[in-house]
Every structure is written in structure tokens, then in C-alpha cells.
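For reference, the structure discussed in these notes is given below.
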Amino acid sequence: MDKQSINHKKTLLKVVGIFNIYNITNEPDNEIYYTKLSRDADTCHFILHGVTTYPIKIKTAYAENLSSNQADGYITKIKRVKDDVLFIHDGHGWKKQSYLWALYDIGNAIGKENVLNLSQFEAWLTTKLNEKKTAN
């Protein structure tokens with residue numbers, strides 16, 4: 001397995017780690033849970049259930065360094081997603097100017113509020129869980 005794939009798997013584990021912090025498991029009997037997608041036509045990795053009024057797909061993307069060149073591919077992939085989706089990016093490569101433009105294009109496709117790094121995703125999840133708790 002190449003370094004990019006290994007780092008992407010680590011990003012997936014970081015997302016699961018954030019779920020674990022909030023006791024979100026992959027048990028569908030729980031009110032809030034996630035489903036890990038092994039093969040999704042939209043190339044998403046998770047579906048998060050119960051946090052919003054609708055399930056939301058999660059796509060993760062890792063860019064290791066400034067010489068990486070896969071950002072444009074993410075734009076194409078994210079535009080194929082027909083459902084609501086969060087795009088979570090990780091890695092130093094996202095600081096590259098062309099990758100910043102890719103994030104901008106992805107934000108235009110799915111909503112800028114749905115393009116997050118890992119710490120922004122954790123803050124988003126905290127907010128959604130607090131909103132849900134307050135509503136109950």
C-alpha cells in the first residue's frame with residue numbers, strides 16, 4: 001500500500017476517533033450512529049445518522065504535501081454525490097494554492113459550510129449534538 005493510501009486510512013481512523021469521543025458507534029440500534037461504506041458509487045466513506053434530520057454522507061480526502069496532484073479529482077467525485085455530504089480534508093497538501101481553489105470549487109458544489117478539516121468537523125459535530133440535546 002502506498003504512503004498516500006496509508007495516510008488516507010489514518011484520516012478515516014481519525015474520523016472514527018472523533019465519533020468515539022462522542023460515543024457514536026456503528027450500531028444501528030442507537031439513535032445516532034455511523035455506517036462505514038466499503039464501496040459507494042459516490043466514493044463517500046461514511047453515512048452519519050441521527051445528528052441531522054437526514055443521513056449525511058462523509059467524504060474524506062488526504063493530501064500529503066504540496067507536490068500532491070489529486071485535488072482536481074476530488075472536485076469531480078464530490079460533484080457526483082447526490083445526497084447531502086460533508087467533505088473532510090486532512091494533510092499539509094491542502095495548503096497548496098491549487099488545492100485551496102479545489103476546496104473553493106468543492107464548497108461551491110456542496111456548500112462552503114460542508115467543507116471542513118478534522119478540527120472543524122469535530123466542532124460541527126459538537127454543535128449538532130448540542131442542538132439536538134437542546135431540542136429534546
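The values are calculated or read from the model by the stated rules, or taken from the named source; none is laboratory data. In this text the structure is predicted, and so the values were computed from the model without any measurement. Heads up, the Cβs are rebuilt from the backbone with ideal geometry, glycines too, and the neighbour counts pull from every protein chain shown.
For the condition of a type outside the set (Ser, Thr, Tyr), over 23 Å from Leu13 (Cα atoms) and without any contact (Cβ under 8 Å) to a residue 60 or more places away in the chain, what is the one hit in Lys132, Lys57, Lys79?
Being of a type outside the set (Ser, Thr, Tyr), over 23 Å from Leu13 (Cα atoms) and without any contact (Cβ under 8 Å) to a residue 60 or more places away in the chain holds for just one of Lys132, Lys57, Lys79, which is Lys79.
State the number of residues belonging to the range 15-29 that are surrounded by fewer than 16 Cβ atoms within 10 Å (Cβ to Cβ), touching a residue at least 24 places away in the same chain (Cβ under 8 Å) and in a helix (DSSP H, G or I).
So the count comes out to 1.
Just to be sure I understand, how many residues within the range 85-107 are among the charged types (D, E, K, R) and in contact with a helix residue (DSSP H, G or I) (Cβ under 7 Å, 6 or more places away or on another chain)?
2
Can you tell me which residues in the range 1-14 are part of a helix (DSSP H, G or I) and without any contact (Cβ under 8 Å) to a residue 40 or more places away in the chain?
Ser5, Ile6, Lys9, Leu13
Which residues, counting only those in the range 104-119, are touching a residue at least 24 places away in the same chain (Cβ under 8 Å) and part of a helix (DSSP H, G or I)?
Hits for the range 104-119 are Asp105, Ile106, Ala109, Ile110, Asn114, Leu118.
Does Asp2 satisfy the criteria of being farther than 23 Å from Ile106 by Cα, among the charged types (D, E, K, R), surrounded by fewer than 18 Cβ atoms within 10 Å (Cβ to Cβ) and modelled with pLDDT under 95?
The answer is yes for Asp2.
Being more than 13 Å from the chain's Cα centre (by Cα) and of a type outside the set (A, V, I, L, M, F, W, C) is the filter; apply it to the range 113-134 and report the residue that is farthest from Asn65 (Cα to Cα).
By that ranking, first place goes to Thr134.
Has the range 14-33 got at least one residue that is at pLDDT below 90 and not basic (Lys, Arg)?
For the range 14-33, residues at pLDDT below 90 and not basic (Lys, Arg): absent.
Inside the range 30-51, can you point out the residues that are β-branched (Val, Ile, Thr) and free of Cβ contacts under 8 Å to residues at least 40 places away in the same chain?
Thr35, Thr43, Ile47
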